[in-house]
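The values are calculated or read from the model by the stated rules, or taken from the named source; none is laboratory data. As the structure is a prediction and not an experimental result, all values here were calculated from the model. For neighbour counting, all protein chains shown are included, and Cβ atoms are generated from backbone atoms with ideal geometry for every residue, glycine included. Please note that ligands, DNA and RNA were not included when accessible areas were found on the heavy atoms of the full protein model with its side chains. Shrake-Rupley method; radii C 1.70, N 1.55, O 1.52, S 1.80 Å.
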Amino acid sequence: MSTPAASAMGEGPGTSLLEQVSARRTEEQARLQRGQYARDLLSSLWAPVTALAVALIPYLLVVELRPASASWAAPAMRWLGFLCFLWFAGLIAFRLLARRSSTLRRLRHEAREATAEADRALRSGGHKVEGRVRDRLVDLAAKVDVAMVGDDAGSLEKHLQSLVDAGAAIPGSARHGAVELALGLVKALVVALLIRTVLVEPFKIPSGSMLPTLEIGDQIFVNKFIYGVRIPYLNVVPFALVRTPERGDVIVFNNPADTSKDFIKRVVGIPGDVIEIRDDFVYVNGLEQPRTLQSAEFPVWDEEHPRATTWVQSLFENGWVMERDELYEETLNGHQHETLLRPNVPRSLETGPYTVPEKSVFVMGDNRDNSADSRLGLGGPARPAYVPYGNIKGKAMIVWLCLGHGGLFSSIFGGTGIRTDRFFHPVR
């Protein structure tokens, strides 16, 4: 037979409301509360999102530190993402079909928030709160606590409303609640800004200059800290945190030729390097970077019209056209990646040499005949242009979403669909 888990000695005036409510639970009630709380956490719509976000952290570490492991880690992440999607869809369906259970879950959530708010109101009021008011609030909170493990929504709602009304009657509780809300919003904003500025930032691929490595419509995550914390607007990186940019890195940078735009290209030359292009081969410090032809007619989907400015427009207004280009596997300083060349396109047989200045990099797009890169002034004046370290925002890591050609719903939206095969694809 269950007995109270705690005695009145846990209900002194210096004890918080939450502690006093917990002290009144029987062992059976405490067990039921723990189980109910765990079930509520798992049935939250945030649960699958959180699970996927938590799994993403070690995956990003694997991709960055053990690139060879991406061959099995990427498919595993795609399967996990699919399971989390089913989990999320199942929760929505359950809430629509099991309305009574959904109501009880919502009331339990509100009850936990109301109890915590009453506890904060008592602590902020201190000795100004009369003893009988404090005792009544504890009694009401204990009734709510008991009703939370039952299945009577009406009883829980009645006790919850009584607790909310009693808590609102405490002097200064409304002002304290508003302050708590404001502080919570400020903290969330600061955390979001820190993550975006220092850790990870999303970036959308707007053009085909990095085909076939990155496709139009890819949404990627950018590693912001690997090269050091960049001071926005000043374009200064005081010191490198992990390392400086290396040949073969795919980087996102603020275009020095037009600071209103961000570009994404591959690093071909680092400070002191001499870069030349001869017969479409890249030479670094006089050494030819080997390449092999993979396909003479590789199908590539590019835009038929200029890119739409919003994602809604991109679904309805973008057209697609297929081209057949030459696909090569190029090795740049030991780093293998794919590049494209358009057949029968007149081009200069030799360009360069380009000597990369200090604290800058020379960049090129993998789609060599469709890229405004360092060879062409990064879209600015027709002269070689280099990217200073201070303009580099970070290193591309993975594709987390792709709204590109083909995939789910592409027949509805003019060829643009959800490319599940691109999810969690590492950028190499």
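General observations
- Leading residue by the ranking (farthest from the chain's Cα centre (by Cα)) among those in segment 83-103 that are among the aromatic types (Phe, Trp, Tyr) and open to solvent by 90 Å² or more (accessible area, probe 1.4 Å): 94
- Flag for residue 39 being surrounded by 14 or more Cβ atoms within 10 Å (Cβ to Cβ), more than 18 Å from residue 170 (Cα to Cα) and either free of Cβ contacts under 8 Å to residues at least 24 places away in the same chain or not acidic (Asp, Glu) (or both): no
- Of all the residues in segment 222-279, those that are more than 17 Å from residue 358 (Cβ to Cβ), open to solvent by 40 Å² or more (accessible area, probe 1.4 Å) and part of a loop (DSSP other than H, G, I, E, B) number 13.
- Matching residues, segment 320-352, being open to solvent by 10 Å² or more (accessible area, probe 1.4 Å), under 21 Å from residue 387 (Cβ atoms), of a type in the set (S, T, N, Q) and assigned to a strand (DSSP E or B): 351
- Checked against (1) modelled with pLDDT under 95; (2) farther than 13 Å from residue 398 by Cα; (3) out of contact with any Ser or Thr (no Cβ under 6 Å at 6 or more places or on another chain), residue 95 meets all criteria but (3).
- The set of residues in segment 178-212 that are in contact (Cβ under 8 Å) with a residue 40 or more places away in the chain and either open to solvent by 50 Å² or more (accessible area, probe 1.4 Å) or basic (Lys, Arg) (or both) comprises 180, 202, 206.
- Among residues of segment 158-177, those that are of a type in the set (Ser, Thr, Tyr) and either open to solvent by 70 Å² or more (accessible area, probe 1.4 Å) or at pLDDT below 60 (or both), counted: 1
- Residues in segment 104-153 that are at pLDDT below 85, closer than 15 Å to residue 166 by Cβ and open to solvent by less than 40 Å² (accessible area, probe 1.4 Å): 121, 122, 125, 129.
Residues checked against (1) in contact with a Ser or Thr (Cβ under 9 Å, 6 or more places away or on another chain); (2) among the aromatic types (Phe, Trp, Tyr); (3) not in a helix (DSSP H, G or I):
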position: 36; (1), (2), (3): no, no, no
position: 40; (1), (2), (3): no, no, no
position: 48; (1), (2), (3): no, no, no
position: 53; (1), (2), (3): no, no, no
position: 59; (1), (2), (3): no, yes, no
position: 62; (1), (2), (3): yes, no, no
position: 74; (1), (2), (3): no, no, no
position: 79; (1), (2), (3): no, yes, no
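- Matching residues, segment 358-385, being without any contact (Cβ under 8 Å) to a residue 40 or more places away in the chain, surrounded by 17 or more Cβ atoms within 10 Å (Cβ to Cβ) and not hydrophobic (A, V, I, L, M, F, W, C): 384
- Residue in segment 393-401 that is farther than 23 Å from residue 63 by Cβ and of a type in the set (A, V, I, L, M, F, W, C) present: no
- Single residue of 233, 227 found to be of a type in the set (Phe, Trp, Tyr) and modelled with pLDDT of 90 or more: 227
- Filter pass, residue 87 being over 17 Å from residue 400 (Cβ atoms), of a type in the set (Phe, Trp, Tyr), touching a helix residue (DSSP H, G or I) at 6+ places or on another chain (Cβ under 6 Å) and in a helix (DSSP H, G or I): yes
- Filter result (open to solvent by 50 Å² or more (accessible area, probe 1.4 Å) and hydroxyl-bearing (Ser, Thr, Tyr)) within segment 18-36: 22
- Candidates 355, 420, filtered to the one that is surrounded by fewer than 19 Cβ atoms within 10 Å (Cβ to Cβ), touching a residue at least 24 places away in the same chain (Cβ under 8 Å) and closer than 30 Å to residue 58 by Cβ: 420
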